[in-house]
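Values in this text are rule-based calculations from the coordinates and carry no lab data. All values derive from a computational prediction rather than experimental measurement. Cβ atoms come from the backbone with ideal geometry, glycine included; neighbour counts cover every protein chain shown.
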Amino acid sequence: MVNNGNSQTPTAGVSRAGLAWKMCAGCGGKIADRFLLYAMDSYWHSRCLKCSCCQAQLGEIGTSCYTKSGMILCRNDYIRLFGNSGACSACGQSIPASELVMRAQGNVYHLKCFTCATCRNRLVPGDRFHYINGTLFCEHDRPTSLINGHLNPLQSNPLLSDQKVC
């Protein structure tokens, strides 16, 4: 039931008399339900395995869940946070499930690839930046037409890492 960037088939178990009870990773209680879920090397009550962002019960909304940076996510929140392809918008290379990312206008970047198009300095959380027609600019290197007010930036916000968006 967990997807770390690779498709996996969910595992559901049936509790039967005579078998040892499993303990739920979510609430810590004994799983006496007829059905249980197995995800992230742990057993869960179906009501306890929830998306870290929207709190949806993952056993009810689909057959897979995703994990990244210690979060358990539904498909919609995973795509919203980390993009659909799992590839960096700058270099096109795959982004491992354990790696932190930077995001701008729905695009996802490796930390090392989130750089100003002019000076190539890396933009870090807290830096102001401008995202214009798919191009990143630091505050210092924004186009002069933007400074004169002739062009509105698509984004001019402090950076957020993937751990601050839920």
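Give, as a single signed number, the net charge of other residues whose beta carbon lies under 13 Å from the beta carbon of Cys113, with Lys and Arg counted +1 and Asp and Glu -1.
+3
Identify all aspartates and glutamates with a Cα-Cα distance to Lys22 below 16 Å; exclude those on the same chain that are fewer than 8 residues away in sequence.
Within the straight-line limit of under 16 Å, Lys22 reaches these aspartates and glutamates: Asp33, Asp41.
Using 0.36 nm per residue of separation minus the Cα-Cα distance, give me the extension gain between Met40 and Ile79 in nm, one decimal.
Contour length minus the Cα-Cα distance gives 12.1 nm.
For segment 37-81, what is the convex hull (Cα atoms) projected area averaged across all directions, in square nanometres?
Computed as one quarter of the Cα hull surface, the answer is 2.9 nm².
Could you work out the local net charge near Ile31, counting Lys and Arg as +1, Asp and Glu as -1, over the other residues with Cβ closer than 11 Å to its Cβ?
Combined, the nearby Lys, Arg, Asp and Glu give +3.
If you add up the charges near Leu136, with Lys and Arg at +1 and Asp and Glu at -1, over every other residue whose beta carbon is less than 14 angstrom from its beta carbon, what do you get?
Counting the neighbours of Leu136, the net charge comes to +3.
Cut-off is 10 Å between beta-carbons; in what order do Trp21, Trp44 appear when sorted fewest neighbours first?
In increasing order of surrounding Cβ atoms, one gets Trp21, Trp44.
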